[in-house]
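This report refers to the structure that appears directly beneath it.
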Amino acid sequence: MKIITIIGARPQIIKAAALSRAIKENFSTQIEELIVHTGQHYDQNMSEVFFGELSIPKPSINLNIGSGSHGKQTALMIEQIEEVLIKEQPNAIVVYGDTNSTLAASIAASKIHIPIVHIEAGLRSFNKNMPEEINRILCDHSSTLLFSPTKTGLNNLVNEGFNKLTKAPYTADNPGIFLCGDIMYDNSLHFSNLSDKKSTLLSDLKLKSNDFILATVHRNDNTDNATNLNNIFSSFLQIATEFKEKIVLPLHPRTKKMLPSMLDVDLYKAITKNKNITIIDPVSFLDMIALEKHAKLIITDSGGVQKEAFFFKKPCIILRPETEWTELVECRVATIVGADKEKTINAYLDFVNNKENLVYPNIFGDGKAAQFICEQLVENS
């Protein structure tokens, strides 16, 4: 069978590595994969470097869409993805997660009756103010094969009317839903040892294991909201100053752009001059794994980083009002604080004082999600 994998953002590039690797190792005579990169993330450090580092096949097609408003960006993607699909005539498209690239590909494929395979199906934050929530819901409800990483995700699909007992042949009107585990867990296991061998970031930054906090901030609800951004960085400053914690902050381009104009002048100066706060450019996936593995605590508004914190058994403070990874909160190894400074400080103190009591159960599968997905693709082609 011929599949077209649509990717556009950094996390999707990484997720695609697991499936491409499984195809190459075990399904090369049964599955032909063509990778289309929409160019949604166009910064070289946020995209191109990952293909080489993770040994992912380079995209056969790059649409070079770039940035823009949600409507403009999505419309351009729909138009160009449709042209590719008509020309290539795949048996199915594979999409990941909840980005505009995922939504655009789903719309384009559904209109010309090409089956959609959605990996990371069923995730819900239950906040439709998030563009990602709309994207993932619309994608799920136009897909033919839906692969959920967790039982919660599968239950969400059932609650929305999907039938988990439905039988093949599967169609958009008779979709198949599967619990497969998380392909990012596949990747974390695969690339962990490679990170140990190749990443020099900890030594470059003179960091000791379990002696620093990793922080990331990139969602526009935080970066484009002066109150939220000031609260978040005020909490960073307090943790670094009052509790003498080292904080490493790989700065997303959007955050870097907004900080000088959005932060209070005195706060901005204090952040940039504080010796315990190390601000660096976005890092490679292997470097990010090194930071995650060796941090004592992770503070983030990234869905992917929340999950990777769990993979490496690190407590996580979530800088959002909700999370689609509700299992992490239920296990009490992650705490939702939004952009509330007091809640952030309290969560930090709670995790530091109770780190010996944290438990990380096996909720993301066996590390063979990509293998399972490929088996289902072949079986249902």
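If I filter the range 345-362 for residues that are assigned to a helix (DSSP H, G or I) and touching a Phe, Trp or Tyr at 6+ places or on another chain (Cβ under 7 Å), do I get at least one hit? The answer is no, given that none of the residues of the range 345-362 is assigned to a helix (DSSP H, G or I) and touching a Phe, Trp or Tyr at 6+ places or on another chain (Cβ under 7 Å).
Residues that are among the aromatic types (Phe, Trp, Tyr) and farther than 16 Å from Phe233 by Cα within the range 268-314 comprise Phe285, Phe310, Phe311, Phe312, listed in sequence order. Scanning the range 210-223 for residues being among the charged types (D, E, K, R), surrounded by 13 or more Cβ atoms within 10 Å (Cβ to Cβ) and in a loop (DSSP other than H, G, I, E, B) gives a total of 1. Is there a residue being surrounded by fewer than 20 Cβ atoms within 10 Å (Cβ to Cβ), in the same structural domain as Val248 (by TED's automatic domain parsing) and over 22 Å from Asn228 (Cβ atoms) anywhere in the range 304-317? Taking every residue of the range 304-317 in turn, at least one turns out to be surrounded by fewer than 20 Cβ atoms within 10 Å (Cβ to Cβ), in the same structural domain as Val248 (by TED's automatic domain parsing) and over 22 Å from Asn228 (Cβ atoms). Going by the structure shown, is Leu207 assigned to a helix (DSSP H, G or I), modelled with pLDDT of 95 or more and outside the structural domain of Gly122 (by TED's automatic domain parsing)? So Leu207 does not fit the description; no.
Looking at (1) over 21 Å from the mean Cα position of the chain (by Cα); (2) more than 19 Å from Ile6 (Cα to Cα); (3) surrounded by 17 or more Cβ atoms within 10 Å (Cβ to Cβ), which is the only condition Ala108 fails? Result: Ala108 passes all but (2).
Taking the criterion of being assigned to a loop (DSSP other than H, G, I, E, B) and either at positive phi or β-branched (Val, Ile, Thr) (or both), the residues of the range 82-124 that qualify are Gln89, Gly97, Thr99, Ile112, His113, Ile114, Glu120, Gly122. Scanning the range 129-142 for residues that are in contact with a helix residue (DSSP H, G or I) (Cβ under 7 Å, 6 or more places away or on another chain) and modelled with pLDDT of 95 or more, we see that the one that is surrounded by the fewest Cβ atoms within 10 Å (Cβ to Cβ) is Leu138. From the residues in the range 318-342 that are in contact with a helix residue (DSSP H, G or I) (Cβ under 9 Å, 6 or more places away or on another chain) and free of Cβ contacts under 8 Å to residues at least 12 places away in the same chain, which one is surrounded by the most Cβ atoms within 10 Å (Cβ to Cβ)? The selected residue is Glu330. Filtering the range 240-261 to residues that are surrounded by 14 or more Cβ atoms within 10 Å (Cβ to Cβ), in a loop (DSSP other than H, G, I, E, B) and out of contact with any Pro (no Cβ under 9 Å at 6 or more places or on another chain) leaves Glu245, Lys246.
For the range 274-301, the set of residues classified as surrounded by fewer than 22 Cβ atoms within 10 Å (Cβ to Cβ) and of a type in the set (Ser, Thr, Tyr) consists of Thr278, Ser284, listed by residue number.
Looking only at the range 125-158, residues that are part of a helix (DSSP H, G or I), in contact with a strand residue (DSSP E or B) (Cβ under 9 Å, 6 or more places away or on another chain), of a type in the set (A, V, I, L, M) and touching a residue at least 24 places away in the same chain (Cβ under 8 Å) come to 2 in all.
Residue-wise test of (1) out of contact with any strand residue (DSSP E or B) (no Cβ under 8 Å at 6 or more places or on another chain); (2) under 15 Å from Asn276 (Cα atoms).
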{"position": "Asp186", "(1), (2)": "yes, no"}
{"position": "Phe191", "(1), (2)": "yes, no"}
{"position": "Ser203", "(1), (2)": "yes, no"}
{"position": "Asp211", "(1), (2)": "yes, yes"}
{"position": "Thr216", "(1), (2)": "no, no"}
{"position": "Asp221", "(1), (2)": "yes, no"}
{"position": "Asn228", "(1), (2)": "yes, no"}
{"position": "Phe236", "(1), (2)": "no, yes"}
{"position": "Ala240", "(1), (2)": "no, yes"}
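Consider the range 351-365 and keep the residues that are β-branched (Val, Ile, Thr) and surrounded by fewer than 16 Cβ atoms within 10 Å (Cβ to Cβ). The one that is nearest to the chain's Cα centre (by Cα) is Val359. Among the residues here, Thr5 qualifies as among the hydroxyl-bearing types (Ser, Thr, Tyr), within 29 Å of Pro253 (Cβ to Cβ) and part of a strand (DSSP E or B). Residues that are in a loop (DSSP other than H, G, I, E, B), within 30 Å of Ala104 (Cα to Cα) and touching a residue at least 12 places away in the same chain (Cβ under 8 Å) are absent from the range 186-202.
Take the residues in the range 358-379 that are among the polar types (S, T, N, Q) and at pLDDT 95 or above, then tell me which one is farthest from Ile298 (Cα to Cα). Step by step, filter the range 358-379, then rank; the result is Gln376. Would you mind stating whether Ile114 is over 21 Å from the mean Cα position of the chain (by Cα), buried (at least 19 other Cβ atoms within 10 Å of the Cβ), outside the structural domain of Leu328 (by TED's automatic domain parsing) and of a type outside the set (Asp, Glu)? Here the answer is yes, as Ile114 does meet what is asked. Any residue in the range 5-28 that is more than 23 Å from Tyr185 (Cα to Cα) and either in contact with a Leu (Cβ under 6 Å, 6 or more places away or on another chain) or surrounded by fewer than 24 Cβ atoms within 10 Å (Cβ to Cβ) (or both)? Scanning the range 5-28, I find no residue that is more than 23 Å from Tyr185 (Cα to Cα) and either in contact with a Leu (Cβ under 6 Å, 6 or more places away or on another chain) or surrounded by fewer than 24 Cβ atoms within 10 Å (Cβ to Cβ) (or both), so the answer is no.
The values are calculated or read from the model by the stated rules, or taken from the named source; none is laboratory data. Quick caveat, the model's predicted, so the values are computed rather than measured. Neighbour counts run over all protein chains shown; Cβ positions are idealised from the backbone, glycine included.
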